[in-house]
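In what follows, a structure is listed as structure tokens, so that the remarks can point back to it.
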Amino acid sequence: MDACKVKRSLFILNPTAGVPPVRYILSKELQRRKHDLSYFKSLSIDESGSHIKKSFEDYDIFVAAGGDGTVRTVASELVGTKKVLGVLPMGSGNGFAREFGFRPNIPSLLKDIRKNESRPIDVIEVNNLLCLNVAGIGLDSFVAHSFDNLGTRGLWSYVYVTFLNFIRLKPVHVTISLEGENISEDLFTLTMANTRQFGNNAYIAPEAKPNDGIIDIVLLRPFPKYKALLIVYRLFRGTLNKSKYVRYIKTDKPFTIRTEETRFHIDGEPFIISGEISVKIKRDSLTVLKTRHSRL
């Protein structure tokens, strides 16, 4: 192992993120390899940010070891710089990691780090909050808030809270102001996508690309709840764009959103946002490590 090259990378470990078996196995392997690589165990967003700032000149690659929330935390410190983001996925959905071919395999990731290839990608800003994957309001945001309070992680926990929220789901009224036009509708979900999926290969925006300077806006209109399984089938097959209940809008222009609902999510993390919401794309703002499994 070329220790000099590996030591150019710093792993930021969230010891509470993700599914316990995966977290335990990967955490133990990081500890076992502590003489070959550098890692820091972070207990908070502030602590992660502070340590990255302190170590900024010592490393070229910063690896987020955790779920999508951990990835977003690390990426927020790297946006607008030449430092490279890597991911060791340990979360429940791992939407960003799946899109870029990151896998929960440390030896494979270290090979990618030694190869040291990267590419710039876009990011979305929602009221100056960073979004790497998807952000939105409606069913997905209600699920994010419920999931955050659940206390357990994993795919089946996510399915459980999704089902409960869907049963009591009511449309949310949303107005989008884009290029002088107002789009005002009642929706089950409004999603702003930089990449294709929520996580777990659920493709909300099958045509989205993180390096095209475009935000994919997905409007999921109310549909008969007995058709839910068909919608879910299309979601995981990547054919949701063929549903008559879905409207897609692509834009490279800033736009605003107005709604009385305040429960939003950004990359699966719950946020309370009130008032007018401003959204824009920032081109080539983040550099991401290229993996052998990447589709880009």
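Tabulated values for the structure
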{"item": "Residue in the stretch 233-254 that is charged (D, E, K, R) and part of a strand (DSSP E or B) present", "result": "yes"}
{"item": "Among (1) modelled with pLDDT of 75 or more; (2) part of a helix (DSSP H, G or I); (3) exposed (fewer than 14 other Cβ atoms within 10 Å of the Cβ), the one test that Pro21 misses", "result": "(1)"}
{"item": "So Ile217, is it farther than 28 Å from Pro89 by Cβ and either surrounded by fewer than 18 Cβ atoms within 10 Å (Cβ to Cβ) or under 18 Å from the mean Cα position of the chain (by Cα) (or both)", "result": "no"}
{"item": "Failed criterion for Pro120 (all others in (1) at pLDDT 95 or above; (2) buried (at least 20 other Cβ atoms within 10 Å of the Cβ) hold)", "result": "(2)"}
{"item": "Any chance Phe264 is surrounded by 18 or more Cβ atoms within 10 Å (Cβ to Cβ), more than 17 Å from the chain's Cα centre (by Cα) and outside the structural domain of Val79 (by TED's automatic domain parsing)", "result": "no"}
{"item": "Failed item in (1) more than 24 Å from Lys282 (Cβ to Cβ); (2) assigned to a helix (DSSP H, G or I); (3) in contact (Cβ under 8 Å) with a residue 24 or more places away in the chain, with Lys54 passing the rest", "result": "(3)"}
{"item": "Tally of residues being in contact (Cβ under 8 Å) with a residue 24 or more places away in the chain and either over 20 Å from Arg196 (Cβ atoms) or surrounded by fewer than 13 Cβ atoms within 10 Å (Cβ to Cβ) (or both) across the stretch 224-236", "result": "2"}
{"item": "Within the stretch 42-59, tally of residues that are touching a strand residue (DSSP E or B) at 6+ places or on another chain (Cβ under 9 Å) and either surrounded by 16 or more Cβ atoms within 10 Å (Cβ to Cβ) or on the phi > 0 side of the Ramachandran plot (or both)", "result": "5"}
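Okay, residues lined up against (1) surrounded by fewer than 13 Cβ atoms within 10 Å (Cβ to Cβ); (2) in the same structural domain as Gly101 (by TED's automatic domain parsing); (3) of a type in the set (Asp, Glu):
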position	(1), (2), (3)
Pro206	no, no, no
Asp212	no, no, yes
Val246	no, no, no
Glu276	yes, no, yes
Ser294	no, no, no
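To keep it simple, each residue is scored yes or no on (1) in the same structural domain as Ala65 (by TED's automatic domain parsing); (2) touching a helix residue (DSSP H, G or I) at 6+ places or on another chain (Cβ under 8 Å); (3) among the aliphatic types (A, V, I, L, M); (4) not in a strand (DSSP E or B).
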position	(1), (2), (3), (4)
Ile124	no, no, yes, no
Gly136	no, no, no, no
Phe147	no, yes, no, yes
Lys170	no, no, no, yes
Ser184	no, no, no, no
Leu190	no, no, yes, no
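The values are calculated or read from the model by the stated rules, or taken from the named source; none is laboratory data. Treat the numbers as computed from the prediction; the structure is a model and nothing was measured. Note that each Cβ is placed from the backbone with ideal geometry, even for glycine, and that neighbours are counted across all protein chains shown.
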